[in-house]
Amino acid sequence: MDLTPKEIYHTVRRLQTLIETERSSWEYTSLSLAERADYWRRGFLSRAAVLYDFERYDPRSYLTDYERFVKTRGINGRFGIALDDKLLFHRVMDGFEDRLPKLYGIIEEGTFRPIAGPGEARGRARPATEWVEETIEPGETRVLKWVIGGGGHNVLVLSRTDDGWRLDGEAISRGNCTSDSATSTSTSSPASPSRRPTPTSSSRGRPTPCGW
């Protein structure tokens, strides 16, 4: 099939993005070069070793990184916002609650604003530090994400332990638990084909959904 100059340009740019993503995520795993090459041969970035459970599931059950970055980039067109906007996505998919992570609310400028699910009473807005201390028990985790974005950047994991708080595994003080740079919430096991991770990105100052 002949490609137009415009199509060739966009294909090259998508390949560059794929390569740049591999470089930026190089330290996600300790794979040898030969092991990484095996993932590349099958169309995956080496970070797939962490994201997907290939020991249980056939790699052919997954959309490869090559397919995602190069072959299907922009496939959702103008409807892509339904995936990038976490609140909109949650509302669109609220008929499949058993497949969705728990969405608690939004943290904006130090205030937590709860979001009620179907049939739930909406709680009151309150300082984010108060919500964190009253609702997260020792041993529990929340994943913090920005409302708009994609790509898995700046997703933070906030955990409470018997002796304090940890953000991405590092001990933090109470005052830093709900800073604007911390989005939203939880740890997970390697994804199965039916529950692939939905990467998200963030930028400072935007409201952040707090949940899962």
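Could you tell me the convex hull volume per residue, in Å³, taken over the Cα atoms of region 45-110? Walk me through the numbers on the way to the answer.
Values: hull volume 11.1 nm³, N = 66.
Once divided by residue count, the hull of region 45-110 is 169 Å³.
Applied to region 4-15, the Karplus parametrisation 6.51 cos²θ - 1.76 cosθ + 1.60 on θ = phi - 60° returns per-residue 3J(HN,Hα) values of 6, x, 5, 5, 5, 4, 5, 5, 5, 5, 5, 5 Hz, with x for Gly and Pro.
Which FRET efficiency, nearest 0.05, do R23 and I172 yield, Cβ-Cβ r, R0 22 Å? Mind dumping the intermediate values first?
Values: r = 29 Å, r/R0 = 1.32.
Calculated value: 0.15.
Applying a DSSP loop filter and a limit of 12 other Cβ atoms within 10 Å to the GluC sites (Glu not before Pro) in region 16-89 leaves E55. Computed from Cα atoms alone, the Kirkwood hydrodynamic radius reported for region 134-175 is 11.2 Å.
When F89, F54 are compared by accessible surface with a 1.4 Å probe, the order from highest to lowest is F89, F54. Taking amide H as placed 1.01 Å from N in the peptide plane, the amide H of Y52 sits under 5 Å from that of A191, each at least 5 places away or on another chain. Backbone amide hydrogens, once placed in the peptide plane, bring F112 within less than 5 Å of R126, A128, excluding anything fewer than 5 places away on its chain. The fraction of Cα-Cα pairs per 10 angstrom bin, counted from 0 for region 3-144, comes to 9, 25, 27, 25, 12, 2 percent, rounded to whole percents.
Could you compute the FRET efficiency for R78 and D2, with r as their C-beta to C-beta distance and R0 at 35 Å, rounded to 0.05?
Working: r = 27 Å, r/R0 = 0.78.
Efficiency at R0 = 35 Å is approximately 0.80.
Across region 62-167, the convex hull enclosing all Cα atoms gives 148 Å³ per residue.
Solvent-accessible surface of protein heavy atoms, probed at 1.4 angstrom with all chains present, puts R78, R122 in the order R78, R122, largest first. A Cα-only calculation for region 1-62 places Rg and Dmax at 14.2, 42 Å.
The phi torsions of region 96-103, fed into the Karplus equation with coefficients 6.51, -1.76 and 1.60 and a -60° offset, translate into couplings of 10, 4, 5, 9, 9, x, 5, 9 Hz, rounded to whole numbers, with Gly and Pro shown as x.
The values are calculated or read from the model by the stated rules, or taken from the named source; none is laboratory data. Note that this is a predicted model, so its numbers are computed, not measured. No Cβ is skipped: glycine too gets one built from the backbone with ideal geometry, and neighbour counts run over all protein chains shown. All accessible areas refer to the heavy atoms of the entire protein, side chains included, with ligands and DNA or RNA removed. Shrake-Rupley method; radii C 1.70, N 1.55, O 1.52, S 1.80 Å.
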